[in-house]
Amino acid sequence: MVARFASVGSLLALQGCGFAHDEEIAGPYRLVAVDISAQMSVCYSLGGNCNGRVGPTVFETGANDAYVVAARHPGNDKSRTEYFYVIRKLDTAEADPSVAVRGPFDEPAYRQQESQLGLPSFTRVDGSLR
């Protein structure tokens, strides 16, 4: 999982500012798609470059001072949903995603984490990807 996603991060870094979608989530975290919305991912911004954190297809995000949360349909398979959260205090631009990213979780496991940790609500939903 991490090795595969590192490739996505490298691709995003090479693409620079030419994203089909580029939206701030919170601080250095962005919601980006290189060419099409099915590529929607969460990344850590380095200015013009972006290091991947949660790969496609992300359709919901939220954030607070401690966490960034994301829900995705892996491979744009809408019959499956996986949940992730990023521990912001453990993350840096150069960090391996496995240091700060937790998941994937199914919904019951994610809801347990949400309750235990006080994860933020999903505040941004892309209805076309949901």
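The values are calculated or read from the model by the stated rules, or taken from the named source; none is laboratory data. Here the structure is a predicted model, which means the values were calculated and not measured. When we count neighbours, we look across all protein chains shown, and the Cβ atoms used for this are built from the backbone with ideal geometry, even at glycine.
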Check your understanding: Is it true that some residue in the stretch 85-93 is loosely packed, with under 13 Cβ neighbours inside 10 Å, at pLDDT 95 or above and not acidic (Asp, Glu)?
Key -> yes
Review point. Mind checking which residues of the stretch 60-77 are of a type outside the set (S, T, N, Q) and in contact with a Phe, Trp or Tyr (Cβ under 9 Å, 6 or more places away or on another chain)?
Key: GLU60, GLY62, ALA63, TYR67, VAL68, VAL69, ALA70, ALA71, ARG72, HIS73
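So which of ALA109, ALA71, ALA93 is assigned to a loop (DSSP other than H, G, I, E, B) and of a type in the set (A, V, I, L, M)?
Going through ALA109, ALA71, ALA93 in turn, the sole match is ALA93.
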Practice item. Consider only pairs whose beta carbons are under 7 Å apart and that are at least six residues apart or on different chains; among these, list those whose first residue lies in the stretch 110-128 and is free of Cβ contacts under 8 Å to residues at least 60 places away in the same chain and whose second residue is assigned to a helix (DSSP H, G or I) and surrounded by 14 or more Cβ atoms within 10 Å (Cβ to Cβ). Key: LEU119/GLN113
Practice item. Kindly provide the set of residues from the stretch 83-109 that are over 19 Å from VAL58 (Cα atoms) and touching a residue at least 60 places away in the same chain (Cβ under 8 Å), ordered by number. Key: ALA93, ASP96
